[in-house]
1. Name the pairs: first residue in the range 48-74 and at positive phi and at pLDDT below 90, second residue buried (at least 16 other Cβ atoms within 10 Å of the Cβ) and outside any loop (DSSP other than H, G, I, E, B), Cβ to Cβ under 7 Å, at least 6 apart or on different chains?
2. Filter the range 95-134 down to the residues that are buried (at least 19 other Cβ atoms within 10 Å of the Cβ) and not in a strand (DSSP E or B), then identify the one that is modelled with the highest pLDDT.
3. State whether the residues of the range 9-25 include one that is at pLDDT 85 or above and under 22 Å from residue 71 (Cβ atoms).
4. Yes or no: residue 151 surrounded by 10 or more Cβ atoms within 10 Å (Cβ to Cβ), at pLDDT 75 or above and closer than 30 Å to residue 3 by Cβ?
């Protein structure tokens, strides 16, 4: 009986360790731009980078910013001015310098494959960077993940094992 109980506790603990996964901040690819804003409409040069891409046939392209929270689509992008790029083995896009004419409403810069199944974008705004955005960007992000779950499972496993040892030693003392 004691052996069966120990095996059950061990299997449950191992399943908990196997199925616990670290937190993930974002699912899809991300695109970053330096700078993220311009002082006035007109021609500007940007350094574009990306992370999380998998398709080797990617392009950097400029897109109009759709109204509301909609994401840029092929209909809103300039497909006549494509800059080819490819991710490295980790899915990162190396720094690429691009120059675009920024309209009054701002501009979205996208990295995408032909069918937009592997795509991400960043927004270029007009005017100075918002002070709240600067402060939020400078704050240190909290550590996330499943460390506490793993520690709880390990602690419960050790406690259950200790209880089994105590219970087993009491039975032997009664014989």
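1. Sorted first by the residue in the range 48-74, then by its partner, the pairs are 52/30.
2. Ranking the candidates gives 119 first.
3. Applying the first criterion (at pLDDT 85 or above) to the range 9-25 yields none.
Checked against the condition, which is being at pLDDT 85 or above and under 22 Å from residue 71 (Cβ atoms), the range 9-25 yields no hits at all.
4. On the way: surrounded by 10 or more Cβ atoms within 10 Å (Cβ to Cβ): yes; at pLDDT 75 or above: no; closer than 30 Å to residue 3 by Cβ: yes.
No: the conditions fail for residue 151.
The values are calculated or read from the model by the stated rules, or taken from the named source; none is laboratory data. Please read all numbers here as calculations on a predicted model, not as lab measurements. We place every Cβ from the backbone using ideal geometry, glycine too, and count neighbours over all the protein chains shown.
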